[in-house]
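To keep things clear, I will list the structure first and then write my remarks on it.
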Amino acid sequence: MRNRRWFLPGILALAFIVVLVWGFVQYETKNDYKQMLNNEYQRLFYDMKDNVENVQVNLSKVLLAESKDLNILLLSQIWQHALTAQEKLSQMPVSHKDLSKTEKFLNQAADYCYSLIQAYLDGKPITSKQKHALFALQDNASYLADELSNLHNKIMKGHLNFNLVRRREDRKLDKANKNIMDTRLTKFEEKITNNYPELIYDGPFSDQVLNVKPRGLGGNVVSVSEAKDIAQKFVGIKKVKKITKFEEGKKSNAANIEAYTFSISPENASKERAIYISVSKKGGKVIWMMNPRPVDRKKLSVNDALKYAKKFLEEKGYKGMEPNYSLKFDGVVLFNFAYKDNNVTIYADNIKVKVALDNGEIVGFDAAAYLKSHYDRDLPKPKLTEEEARDRVKLDFDIENVRLALIPKNGIKEVLCYEFKGKYKGSNFIVYINAETGKEEKILKVIRDENGILMI
C-alpha cells in the first residue's frame, strides 16, 4: 500500500523532469536558431558594406581616370557592386519605408553607370554635367559607407542584434536599440533628400522613368479598409492572425505607385514572424509581398516549385505569363515571369515569384514592374523575316531557339526583336536583332548551374 501511495507522485515527478528537460532543449534550440539567423543577417550586412565601399572607391577612380577602356571597366564594377548592395539591403530586417531612398540611390547609381558605359560604346565621352552627377554620387556613396562603418563598429561591440531589429513591429524596443539600425540609415536618407542630383539618362531606374504614370493599375482609389481586405485575401484569410498598417501614401521605389503597406502576423507562427505586403491606392493591386520565414527541409524540386508559381499567378488573375529564368537560394526558388501577347514575349511586363521548397508556399511576390508597364500595346509587325534576321547573327553561333520579343530600351522605349538562343564556343547566349532595322540590340550570357538560370 505504501509503494502504491508513492507511485503516483513518483510518476508526476518524473514527468515534470522530462517536461523540464524538453523545455530546456527547446529553449536552447530556439536560441541556436536566433543566433544562426542573427549571424546570417550579419553576413548580409558585411557583404552589403563591402559592396558600398567598392562603389565609393570605384566612383572616385572614375573621376580621376582618362582612359576609355579603364572607365568602362570601373563603371562596370560600380554597376555590379551597386546592384549587389541593393539586393543584400532588400534582405535586411529593416522596413522598406525606412530605406526607400537608399534603395533608389543604389539602383540609380548602378543604372547611371550602365548608361555611361552605353554612351562610351557609342563613342560619347563623359560630359562635364555627367562628371558633376558622378561627384554627387561619390559623395553620397562615401557618406553611406561611413554610416555602415559606424554600424559595423556597433555590431563588433555587441550593441546590435538583428533579431531585435527584425521584431520591432511586434515588440517595442527602447530608443537605443531602434536608433542603432534605423537612425543611422535614416541620416543617410535625409542627406540624399537634400543633396541628390536629378539623374537624366536612358535607364530603367532613371528619374524620368520613375515619374511616368503607371499604366497597369486601372480602377478607382481604394480605402485603407478595402486595401486591408485585399491584402488578407491575397495572403489567405485563414492564415491571418492580425494585420496592421504601418505605412500609407508612400511611393514604391520600384514604380511610381502610392500604396498602403501592412504587417501581417500569421496564424500558428511565432511572434517574431511577420508577412509584409503593399497594396496600391489606385486600383487596389498588390505591388509586393514578402514572407521571410525560414525553410528547413527542402522537399520539392525546381520543377515542382514552378508548378506552384504558375498556379499562383493564374489564381491571382495574371494570365499569359511565361517563366524566363530562376534562381535557387536559402531553401527557396525565385522565378521571373514575363507577359506574352500572342507570340511576342514582353520583358517589361515581368513579375517575380518566390516559392518555398519545403511545402510550395509563395513567400515572395513582386509585380511592381508589371504594374508600371503593362497595357494593351499595339505591337509593331516585323519588317525583317526570321531568315533575314538570322543573317545578322554571327555565322558560327549555334542557334537552338528563335522567338519574337519586345525588349526595353532607353528608359520607356521598347523595340521588337528576334530573340536567338544558342551556343557559342561552349557557352549559352541570347542575341537580340531588331526586327525593324536589323541592328544587333543586345547580347545576354546565360549562366546555368545547380541553383538555376541567370542572364547577364
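The values are calculated or read from the model by the stated rules, or taken from the named source; none is laboratory data. Since we're looking at a predicted model, the values are computed, not measured. Counting neighbours? That spans all protein chains shown, and the Cβs are built from the backbone with ideal geometry, glycine included. Just so you know, the surface numbers come from the protein's heavy atoms only, side chains and all, with ligands and any DNA or RNA stripped out. Shrake-Rupley method; radii C 1.70, N 1.55, O 1.52, S 1.80 Å.
Worth a mention:
- If you plug the beta carbon distance of Arg297 and Lys129 into 1/(1 + (r/R0)^6) with R0 = 51 Å, you get a FRET efficiency near 0.40.
- The residues Met455, Met92, sorted by heavy-atom accessible surface at 1.4 Å with ligands and nucleic acids left out, run Met455, Met92 from largest to smallest.
- Sequentially through segment 104-109, phi angles give Karplus couplings (6.51, -1.76, 1.60; θ = phi - 60°) of 5, 4, 5, 4, 6, 4 Hz, Gly and Pro residues having no value and appearing as x.
- Between Glu386 and Val221, the contour length at 0.36 nm per residue exceeds the Cα-Cα span by 54.9 nm.
- Cβ-Cβ distance of Ile399 and Lys61, R₀ of 35 Å, FRET efficiency by 1/(1 + (r/R0)^6): the value works out to about 0.30.
- Distant-in-sequence amide contacts of Glu414, defined by a placed amide H-H separation under 5 Å and a gap of 5 or more residues or a different chain, comprise Lys409.
- With every protein chain in place and a 1.4 angstrom probe, the accessible-area ranking of Glu258, Glu450, largest first, reads Glu450, Glu258.
- In this simple spin-label model, placing a label point 7 Å from the Cα along the Cα-to-Cβ direction at both Asp304 and Thr437 gives a separation of 4.9 nm.
- Whether segment 379-456 is rounded, prolate or oblate, judged on the alpha carbon gyration tensor where a/c under 1.5 counts as rounded: oblate
- Environment charge at Thr345 (Cβ cut-off 10 Å; Lys +1, Arg +1, Asp -1, Glu -1): -2
- 3J(HN,Hα) from dihedral phi, segment 125-142, Karplus parametrisation 6.51/-1.76/1.60, rounded to Hz, x for glycine, proline: x, 5, 8, 5, 5, 5, 4, 4, 5, 5, 4, 5, 5, 5, 4, 5, 5, 5
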